[in-house]
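> My structure is below; once you've seen it, I'll send some questions.
What follows is calculated from the coordinates using simple rules that are stated; it is not laboratory data. Computed from a predicted model, the values in this text were never measured in an experiment. All Cβ positions, glycine included, derive from the backbone under ideal geometry; neighbour counts span all protein chains shown.
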Amino acid sequence: MKRIFFIFILLMVTACSKSDYRARKKIVIRPVKKTIIISINFDFDKSDIRAVDQGKLDKFISKLESLRGNIGIEGHTDTWGNYSYNDELSFRRAVATKEYLEKTMNPDHYDIQISGRGEYDSLVEEKTTLDMLKNRRVKITFKENFKM
């Protein structure tokens, strides 16, 4: 008898909560904001965009054609050289990347911020020349920005 009573109460509570829930439920569809992150690499002690990475940047730009938003460009170096030189070199890499983007896209549609991080925020511990190449990079982050 107790089981039947318990099941009856449980069914009543469940039935009532579903009808109330459906009546109060509001469906809101929000657009998804896109985030796109890419990295390009640099030759030792250089801030020129490599030909192999120009294609990567062009593909990145083509993804942004219909989007508006913020672009963060962060330059990095390997650990060779002193701190101040690496800070300067990483900033030059960020500037070169920004200039490339501005040449090939409409900069009015984007808020572009650049920074040089020097040898801080390494991707990998440097044990080989390939590790050093991985750390000589610019990280580009696009975050879509639109008003609702």
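> In what sequence, highest mean first, do 110-116, 71-77 appear when ranked by Cβ atoms within 10 angstrom? Each step should come with its number before you reach the end.
Numbers: 110-116: 16.4, 71-77: 23.3.
Ranking the peptides 110-116, 71-77 by packing returns 71-77, 110-116.
> Provide the net charge surrounding THR77, with neighbours chosen by a C-beta distance below 12 Å and charges set as Lys +1, Arg +1, Asp -1, Glu -1.
Net of charged neighbours comes to -2.
> Add +1 for every Lys or Arg and -1 for every Asp or Glu among the other residues with Cβ under 14 Å from the Cβ of LYS127, and state the total. Numbers along the way, then the final one.
Numbers: positive: LYS134; negative: ASP78, GLU125, GLU126, ASP131.
Charge balance near LYS127 sits at -3.
> Local charge sum around SER90 (other residues, Cβ-Cβ under 11 Å, Lys/Arg +1, Asp/Glu -1)?
0
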